[in-house]
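**Q** Below you will find the structure I want to go over with you.
The values are calculated or read from the model by the stated rules, or taken from the named source; none is laboratory data. On a predicted model such as this, the values are computed, not experimentally measured, just so you know. Here Cβ is always computed from backbone atoms with ideal geometry, including for glycine, and neighbour counts include all displayed protein chains. Heavy atoms of the whole protein, side chains included, go into the accessibility calculation; ligands, DNA and RNA do not. Shrake-Rupley method; radii C 1.70, N 1.55, O 1.52, S 1.80 Å.
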Amino acid sequence: MLSTSVVSSVTSLSAPASPSRLRPADLLRITDQGAQDVLDGRFAHLLPAAGQWPTSERWSTRLHADDDVDVWLISWVPDRTTELHDHAGSLGALTVLSGTLSEYRWSGSELKYRTLEAGDQASFPLGWVHDVMEAPGSPAGPAAPTLSVHAYSPPLTAMSYYEVTDHGSLRRTRTELTDLPEGRSA
C-alpha cells in the first residue's frame, strides 16, 4: 500500500488560498513514495496479469484515494496524447518510473517542450495546461513500459481541453467530468 504515513503526514499541512490542504511539494513526495512502492512490488496485485501491458491505449490504476488526494499509476503507449488540458480545480504532480514522457506546456504565449525521464518529477499548479505523451524513441516497450505515478489534490473531478488558435492564444474546446488521470486516451 502507498505509505499511509506519507499521505497522512502531509494532509495535516495547509496552504493559503489553495483548493487543497496539500502543496505541490507534498504531492511530489506522495508520487515519489508511490513510485517506490510500485518498484518494491507493493502494488503487484493491481498490475496487468502476466506483465501484459496494453500496447494500443494508456492504462491506469488507482493506487490510493481519500478526501485529499488521488494517486494513480499510468502506463503510456506510443502515439497517444492526452490533448492540451488542465486539471480544473486540482493541483497535480507526477514521478516517472520508467521510459520517457514528453510534455508540451502552455507558457501563456506559446507551447514549451520538455522531456521527463525515469526519476524525473513535475508538479502542476492551478491553470497548468499541458499535453503529455510517451516520448518518441522512449527506451520502454511492451516488456518495460513507460510508467508514471500521478497525484491530484483535491481528487480530480473535471478537465478542460484546449486548442491553440491562429492568433497564438488558447481556446477552451470542452470540459469533461472525469475521475480518470490525464483524461481519456486520444
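**Q** What number of residues within the stretch 15-58 are under 18 Å from the mean Cα position of the chain (by Cα), farther than 19 Å from V96 by Cβ and open to solvent by less than 40 Å² (accessible area, probe 1.4 Å)?
**A** Total satisfying the criteria: 2.
**Q** Mind listing just one residue for me: the one in the stretch 141-173 that is modelled with pLDDT of 80 or more and open to solvent by 60 Å² or more (accessible area, probe 1.4 Å) and, of those, farthest from K112 (Cα to Cα)?
**A** T157
**Q** In the stretch 99-185, which strands (runs of 3 or more DSSP E) lie fully inside it and hold 2 or more residues that are in contact with a Cys (Cβ under 9 Å, 6 or more places away or on another chain) and without any contact (Cβ under 8 Å) to a residue 40 or more places away in the chain?
**A** Correct list: empty, since no element meets the threshold.
**Q** So T100 passes all but one of these: (1) open to solvent by less than 10 Å² (accessible area, probe 1.4 Å); (2) under 15 Å from the mean Cα position of the chain (by Cα). Which condition number does it fail?
**A** Exception for T100: condition (1).
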